[in-house]
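Here is the structure we will look at, set down as structure tokens.
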Amino acid sequence: MPDHDEYRAIRSRSAVTFDLDARFPGQVFREPAEDSLFCEFDVVLAPEIWPALCTMARWHGDDRIELLVLEPDSDGFHVPEGLGYPAVSLSVEAGEDDYWAAIGFEPDGDALQSIAISANVVAVTGASAKWGCWGERDPEVAVFQGFLDEAARSEWCARFGPFLDVSGALESYLPMAFGGRPVPDAYAAALTANYGPLRGKRP
């Protein structure tokens, strides 16, 4: 966990990429792209995602990846519980075990206090602010943006997936957040408007 100054710096850098007050189905990216890919939320807080994050960071010249926990907030949960400040900054040279050591760290042996278990909203990005991953435990999805081009997006998806575009996420991931029922029309429309293909370029 970083100290207070480092935490504020990570939060400030994250705010360049994301609107930290936004939540799904709203637009969380400051500069939306038409290349969104979704996965299940828990995937982002598992060690296996680390190589995918490193690939995106390296595309844009970032040598570190920063993960910020937005909910529960630091003042309301982490600091009062003596858990430090809820953020992680790791070099792209780190490995999956290092990522898991950072987010799966169990204060006093209590797994429920680790980022992997306690985090409800997370933002992941680098100093370039040209890519990012945003995840929310409710509705159990995360979204990635910042692919170099369609070929890079397709290769990344095939290598690290499964990932789905917004229509696939609405069909496969999100119904679970609504008790197995179809996603409400208003929610689906908003998510599609914010994360679907722009100008009809991508089916």
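Out of curiosity, is Ala190 over 14 Å from the mean Cα position of the chain (by Cα), farther than 19 Å from Leu53 by Cα and either of a type in the set (S, T, N, Q) or open to solvent by less than 40 Å² (accessible area, probe 1.4 Å) (or both)? It is true that Ala190 is over 14 Å from the mean Cα position of the chain (by Cα), farther than 19 Å from Leu53 by Cα and either of a type in the set (S, T, N, Q) or open to solvent by less than 40 Å² (accessible area, probe 1.4 Å) (or both).
Results for (1) part of a helix (DSSP H, G or I); (2) out of contact with any helix residue (DSSP H, G or I) (no Cβ under 8 Å at 6 or more places or on another chain); (3) under 19 Å from Val121 (Cβ atoms), shown as yes or no for each residue.
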position: Asp5; (1), (2), (3): yes, yes, no
position: Ala9; (1), (2), (3): yes, yes, no
position: Arg13; (1), (2), (3): yes, yes, yes
position: Arg23; (1), (2), (3): no, yes, yes
position: Phe38; (1), (2), (3): no, no, yes
position: Asp42; (1), (2), (3): yes, yes, yes
position: Ala52; (1), (2), (3): yes, no, no
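For the stretch 167-175, the criterion of being farther than 24 Å from Trp50 by Cβ, of a type in the set (Asp, Glu) and open to solvent by 60 Å² or more (accessible area, probe 1.4 Å) is met by at least one residue.
Quick one: in the stretch 31-57, which of the residues that are within 21 Å of Ser89 (Cα to Cα) and of a type outside the set (A, V, I, L, M, F, W, C) is surrounded by the fewest Cβ atoms within 10 Å (Cβ to Cβ)?
Of all residues in the stretch 31-57, those within 21 Å of Ser89 (Cα to Cα) come to 41-57.
Now narrow it down to the ones that are of a type outside the set (A, V, I, L, M, F, W, C): 42, 47-48, 51, 55.
Details: Asp42: 14, Pro47: 17, Glu48: 11, Pro51: 14, Thr55: 17.
So the residue we want is Glu48.
Would it be correct to say that Glu106 is closer than 25 Å to Cys39 by Cβ and modelled with pLDDT under 90? Give the derivation first.
On the way: closer than 25 Å to Cys39 by Cβ: yes; modelled with pLDDT under 90: yes.
Criteria met by Glu106.
The values are calculated or read from the model by the stated rules, or taken from the named source; none is laboratory data. Everything numeric in this text was worked out from a predicted model, so none of it was measured. Neighbour counts run over all protein chains shown; Cβ positions are idealised from the backbone, glycine included. We work out accessible area using only protein heavy atoms, side chains counted, and drop any ligands, DNA or RNA first. Shrake-Rupley method; radii C 1.70, N 1.55, O 1.52, S 1.80 Å.
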